[in-house]
Amino acid sequence: MRLSQLIVLGVLLGLGAGWWLRRDAGEPVAVARPADQPAVAAAPPAAAATPHADAPVPTTMPPSSASDAPTGLLLPVQGIQVSQLRDTFTDARSEGRVHDAIDIMADAGTPVLAVADGTVEKLFDSERGGLTIYQFEPSGRWCYYYAHLQRYADGLAEKRVIKRGEVIGYVGSTGNASADAPHLHFEVHVLGPEKQWWKGESINPYPLLQAGR
């Protein structure tokens with residue numbers, strides 16, 4: 001073979017080898033995943049929490065009997081204005097007691113008025129309350145309690161029907177009240193089914209007297 005032919009053959013072989021190498025370098029090589037490595041699936045989005053079918057449904061608690069309160073009560077001390085009242089319902093008293101009443105300060109002898117129509121259920125002279133009146137209103141749902149009276153109105157007696165605004169007694173300081181601070185101790189009770197004058201649930205008279213002005 002001639003020298004010139006050998007040179008041409010060498011050039012062609014060199015070009016072919018270069019082309020083959022470039023072809024192999026340009027092709028991506030697939031990498032196999034190991035057989036023991038499982039594919040990881042994308043986790044589905046968490047579902048929104050839903051309440052159980054047997055979950056308890058909140059209920060409204062029944063109102064206290066104290067919410068069943070009288071309306072239209074007259075201020076029970078003659079000449080006293082609503083602006084002069086002070087809420088003493090939760091004030092502390094001796095022996096760990098709570099007042100459960102309103103004290104209406106007034107001069108001794110000031111007329112005490114029935115706050116509503118009703119009946120004198122009991123006239124009672126107690127160590128703490130002094131001369132007292134327990135009045136039931138006509139339906140028998142509420143009791144009005146007047147204490148520390150100087151004296152009763154003339155002719156007042158148990159079971160007597162009285163009218164709103166009628167004079168039933170006079171401000172005093174009998175019982176455990178101070179002689180230097182005569183006042184009317186006034187309570188409102190929700191009566192139980194037994195209708196016992198000495199037993200009932202006290203409710204605050206202060207907002208009731210304000211509303212009745």
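Rule-based calculations on the coordinates, nothing more; no lab input. Note that the coordinates shown come from a computational prediction; the quantities given were computed from them, not determined experimentally. A quick note on method: Cβ atoms are made from the backbone with ideal geometry, for glycine too, and the neighbour counts reach across all protein chains shown.
Taking amide H as placed 1.01 Å from N in the peptide plane, the amide H of D117 sits under 5 Å from that of R164, each at least 5 places away or on another chain. Give me the mean projected area, in nm² to one decimal, of the convex hull enclosing the Cα positions of segment 114-185. Over all viewing directions, segment 114-185 projects a mean Cα-hull area of 4.3 nm².
Just flag the GluC sites (Glu not before Pro) in segment 72-164 sitting in loop per DSSP whose Cβ has no more than 15 other Cβ atoms within 10 Å.
Working: sites: E95, E121, E127, E158; in loops: E127, E158.
Listed in order of number, the matching sites are E127, E158.
Along segment 121-136 the Karplus relation, 6.51 cos²θ - 1.76 cosθ + 1.60 evaluated at θ = phi - 60°, assigns HN-Hα couplings of 7, 8, 10, 9, 10, 10, 5, 7, x, x, 6, 10, 10, 10, 10, 9 Hz to successive residues, with x for each Gly and Pro. The chymotrypsin sites (Phe, Trp or Tyr not before Pro) of segment 108-148 include none that DSSP puts in a loop with a beta carbon having at most 10 other beta carbons within 10 Å. The Cα center of segment 100-158 and the Cα center of segment 172-213 differ in position by 8 Å. Remark on R160: its backbone amide H falls under 5 Å from those of V120, a criterion applied only to residues 5 or more positions apart or on other chains, H modelled at 1.01 Å from N.
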